[in-house]
Each structure stands twice: as C-alpha cells, then as structure tokens.
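Okay, structure first, notes after.
The values are calculated or read from the model by the stated rules, or taken from the named source; none is laboratory data. Every value quoted in this text rests on a predicted model; they were computed, and no experiment measured them. FYI the Cβ positions are ideal-geometry reconstructions off the backbone, even for glycines, and counts take in every protein chain you see.
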Amino acid sequence: MNANPARADENDIQLLERLATARNELMAQISNRIVGQQEVLEGVLTAIVSGGHGLLVGVPGLAKTLMVSTIADALDLKFSRIQFTPDLMPSDITGTEIIEEDPSSGKRDFRFVHGPVFANVVLADEINRTPPKTQAALLQAMQEHEVTAAGETYHLPEPFFVLATQNPIEQEGTYPLPEAQLDRFMLELRVQYPDRDEEERIVETTTGDVDPAVRAVLTGSDLLQLQRLVRRIPAPKPVVRAAVALARMTRPVEDHAPAFIREYVDWGAGPRASQFMVLGAKARAALDGRPMADLDDVKSVALPVLRHRVVVNFAAEAAGRTAQDVCEELVSSGTWLG
C-alpha cells in the first residue's frame, strides 16, 4: 500500500480518467466492425473490467462471434474460440497429456499440451450444444483461473475471461446449462435485432471489399491495472444494502419477498448476485470516470445479473411469465431501494 494516501488518490483519479477515455476509444474502435449493440458492448466492458464472464444470448447472425473477437483485438489480448459440439470432450478444452520421446536418450515421458482455454479471451461458441460433462470443464477455469489435469494444476494467463454465446430459439441437440454453470457468468446479455438504419449500415459495410481495421487501445497489463482500480472504487453502505435487498427479494422463502415472487419463483439468486451487482456498479462508475458507485449503477446492472439466476415454476409458465419478466417487475418496483 502506498505510504502517501493523497498520492494514491491522485493516482486513482488519473487511472479513472484514463479508463473513461479508454472506454470511449474502445467503443469507437469496436464500432469500426460492429454496428449498434451499444447496450451489449457496455455490458461486455462492464464484465471485463470487473474480471467477470459474460453470456451472450441471441439468435444466429447477430455478429456475436465477431463482437467477441473484435473486443479481443481492441484489447490486444490472446483470443481463442471453442466451437461447442455434442462430441466435444473436456480434454478438447483444457488440453491433454501426450507421450514424447527424447531422440537422444530414447526415454519417453508425458508432456501436457495446453488446450484452447489457455488464452486471455475465450469464446465458448454455442456453449449449450455440448453435454454437461464437457461444460463442467470450464467451471474451474472460470472460478479459479486454473486447470487441473493428471494431478497437476496449471494457471491460466491473466487477464482471463470467458464470453459464451447461446442460441435461445434452437432446442434440438442442445443441453441446458446447469445452474452452477450459469452462476459463474456475471452477466447475461441479450443481443437483439438491429433497427432498420443499423441493418442498412451492416449490409453496406459487410458487402464491400474493405475489411475495417481495429487498433488496440489497451494491453493485458493495462487491463489488470484497471481491474484492480475497479475493486478500489468505494461502494457506499446504501449501495451494498440495496444490492443485497434486491437479491434476497428474488428468493420466495424470504419474508420481504413480494407476492409475485412467492407465486412464480422456485429458486432465487444467491449471494454471488449481490457481489456481482456491487462489482458491476463499481465498474459502471469507473467506466464513466466517476469515483464512487451509486444506486443508479446498481439498477443498470441488476437485470443482466439476476435474470439467469432466477428459476421460475410451473405457475409462471402457465401464466406466460418468464424469469426476465419477473426480474423486470422486481427491479422496476423500486421496493428494494427502501
């Protein structure tokens, strides 16, 4: 810790200004290839500077894969894409041991060959197309940033984050993500269709002979420094209290849960939701160049944090209510602010 608090504060203020500037530059560089999707991009950047992972949900053809690879280019990070398929094995993700012979001595020994998870940005493309056993190969990597194989533990490069994509409309040959896997994702981001003007721009820019260049704005070491800065952003007690209250209100067993939560929800969000709402609020403040998170920051990240952590029951399905609907009603009610 710096012996001079004033100097430390001054350094953090400079870092905040740098992050806010870098955010604008990143959005400008990404927009060279990606048209629109500002809300999704803001969500991805929020997860990245928080050190979290993101789940991108959208129909095919909305440039989810291109978005992730473009973000990796703009951050000058090692990018790896894993296409999840029903026959994908855990070792196809983490790596495997091979027998290698020393030409001089003839001695044989095992050597671990790193899998595609050993990258800074890992795109888990169509993650729900592989069985739970293979999906589980990512659990340790996402939580501890490590891989264990043949009794040995290998550390993943830092920074490390997973951005997964999922198609919400195609169910044949898919495997729903287990709740434990979903809970590892900080945010679930919904990728929507572009509007008419955006779609015309997409067609114009992608049917020509020009491949837009993307300039790197930050490096891996820059990003690690900014992630530590986000952790140092203060969250006032009302912000922490509101985030915890909101997460607890999603649980039907809680005394303060609204009536519609008791009626439509089987399982609510766990403590990780509270943590991610506060961390996401800090990240939103930092990306704006503000030195402190507020309640509006919590509200801005609440829905992406909660909607994949709430499990609705049969009564909700019969009433045509989804986890998205229930979470939207809860967040907009404002009862958790009291």
message: Against the conditions (1) without any contact (Cβ under 8 Å) to a residue 40 or more places away in the chain; (2) of a type in the set (A, V, I, L, M); (3) assigned to a loop (DSSP other than H, G, I, E, B), where does Val203 fall short? Just the number, please.
response: (3)
- request: For region 193-223, name all the residues that are under 26 Å from Phe161 (Cα atoms) and surrounded by 14 or more Cβ atoms within 10 Å (Cβ to Cβ).
  value: Val214, Ala216, Val217, Leu218, Gly220, Asp222, Leu223
- prompt: Where residues in region 93-118 are surrounded by fewer than 21 Cβ atoms within 10 Å (Cβ to Cβ) and in contact (Cβ under 8 Å) with a residue 40 or more places away in the chain, which of them is farthest from Pro157 (Cα to Cα)?
  reply: Phe110
query: Which of the residues that make up region 60-105 are at positive phi and part of a loop (DSSP other than H, G, I, E, B)?
result: Gly61, Ala63, Asp76
field: Meets criteria (out of contact with any Lys or Arg (no Cβ under 9 Å at 6 or more places or on another chain) and part of a helix (DSSP H, G or I)) for Ala273
entry: no
message: Suppose the filter is surrounded by 14 or more Cβ atoms within 10 Å (Cβ to Cβ), assigned to a loop (DSSP other than H, G, I, E, B) and in contact (Cβ under 8 Å) with a residue 24 or more places away in the chain; does Pro234 pass it?
response: no
- line: Counting only helices (runs of 4 or more DSSP H) entirely within region 290-338, those with at least 2 residues that are touching a residue at least 60 places away in the same chain (Cβ under 8 Å) are 295-306, 323-333
- prompt: Which residues, counting only those in region 311-329, are in contact with a helix residue (DSSP H, G or I) (Cβ under 6 Å, 6 or more places away or on another chain) and under 26 Å from Pro236 (Cα atoms)?
  reply: Cys327
task: Check Val311, Val244, Val326 and return the single one that is surrounded by fewer than 20 Cβ atoms within 10 Å (Cβ to Cβ) and in contact with a Phe, Trp or Tyr (Cβ under 6 Å, 6 or more places away or on another chain).
output: Val311
query: Any idea which of (1) part of a helix (DSSP H, G or I); (2) at pLDDT below 90; (3) in the same structural domain as Ala180 (by TED's automatic domain parsing); (4) surrounded by 14 or more Cβ atoms within 10 Å (Cβ to Cβ) is the one Gly43 doesn't satisfy?
result: (2)
